[in-house]
Amino acid sequence: MKHTERRTSLWTLFITFFKLSAFTFGGGYAMLPLLQEDVVERKKWITEDEMLDMLAISESTPGPFVINAATFVGYHEAGVLGAAAATLGVALPSYIAIMVISVLFTLFRDNRWVDAAFRGIRAGVVVLIVNAVIKLARKMKWKAVGVVLALAAFGISLFLDVNIIFVLIGAGLVGIVCMLINAKRHGDVRNDKKNG
């Protein structure tokens, strides 16, 4: 992807991802609905299809999902400096929070009010993740192979003790094989039409 002009300011990228990170509890996946709403629906920096591609790339590459996603969007909008601004924005709130918590941890680690609040937040986070999955699933262009692959990957990751990396690699290989078969089939059809 070549960038000849900066579509979004570095400050806007930084502050957008800073706010997304600062107001999200429960890790990167809890950020999905907010990311989709802000980056796709409101600011229209990326499309739904690009969001799905970003998720696939972010999950398949080393590092936390949310850092990879911020880097992707930042680069898409403003090149290398945009990637740096968005990545710094998304990482900074967590860094600040961990620094503060590490200092104050001994003061509230046994506090029942804090414990109860975090139990409630965890339940809310599950709902946010499920909501994001449903929204993204509706936008996907489902085919029979994709449905079977999604169900198989879900079943393997849920019921078998298989590292998720191998599930992703396997899914990627199946996708490549299906593409090659499809290309060969369409190539044969075209050749038949030419010969006929």
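The values are calculated or read from the model by the stated rules, or taken from the named source; none is laboratory data. Please read all numbers here as calculations on a predicted model, not as lab measurements. With ideal geometry, Cβ positions are generated from the backbone for all residues, glycine too; neighbour counts draw on all protein chains shown. Accessible surface areas use protein heavy atoms only, side chains included; no ligands, DNA or RNA. Shrake-Rupley method; radii C 1.70, N 1.55, O 1.52, S 1.80 Å.
In deg cm²/dmol, rounded to 500, what helix-only [θ] at 222 nm does the chain give when every DSSP H run of at least 4 residues adds -39500 (n - 2.57) and the total is split over its residues?
Taken over the chain, the calculation gives -26500 deg cm²/dmol.
Could you look at the chain and say what percent of its accessible area is carbon and sulfur, using a 1.4 Å probe and all protein chains?
Roughly 68 percent, rounded to a whole number.
Quote the relative contact order of the chain in percent (integer), defining contacts as alpha-carbon pairs under 8 Å separated by 6+ residues.
It comes to 25 percent, rounded to a whole number.
Please identify, among 84, 70, 97, the residue showing maximal mean-square fluctuation in a Gaussian network model of the chain using a 10 angstrom Cα cutoff.
The residue that fluctuates most here is 97.
Scan [x] 80, 48, 26; [y] 48, 37, 23; [z] 75, 52, 25 for the value of Cα extents along the principal axes in Å calculated from this model and give just the label.
Step by step, Cα extents along the principal axes in Å for this structure corresponds to label [x].
Got a sec to turn the phi values of segment 170-182 into Karplus ³J(HN,Hα) couplings, 6.51 cos²θ - 1.76 cosθ + 1.60 with θ = phi - 60°, whole Hz, x for Gly and Pro?
So the J values, rounded to whole Hz, are x, 4, x, 5, 4, x, 5, 4, 4, 5, 5, 4, 4.
Answer with one residue from 12, 46, 65: the one whose Cα lies farthest towards the positive end of the charge dipole of the chain, charges on Cβ with Lys, Arg +1 and Asp, Glu -1.
The Cα lying farthest towards the positive end belongs to 46.
Which is the longest stretch in the chain that no exposed loop site breaks, taking sites as trypsin sites (Lys or Arg not before Pro) with a DSSP loop state and at most 16 other Cβ atoms within 10 Å?
Free of exposed loop sites, the longest segment is 45-108.
With only Lys, Arg, Asp and Glu charged, each at its Cβ (+1 for the first two, -1 for the last two), find how big the charge dipole of segment 12-78 is about the Cα centre; round to the nearest 20 debye.
Dipole size: approximately 300 debye.
How large is ³J(HN,Hα) for each residue in segment 32-38, as worked out from phi by the Karplus curve 6.51 cos²θ - 1.76 cosθ + 1.60 (θ = phi - 60°), to whole Hz, x for Gly and Pro?
Using θ = phi - 60°, the values come out as 3, x, 5, 4, 5, 5, 7 Hz.
So for segment 53-131, averaging the separation of alpha carbon pairs under 8 Å that are six or more residues apart and normalising by length, what relative contact order in percent results?
Averaging sequence separation for qualifying contacts and normalising by length gives 15 percent for segment 53-131.
In Å², and per residue, what accessible area does the chain have when probed at 1.4 Å with the other protein chains present?
Heavy-atom SASA per residue in the chain reads 68 Å².
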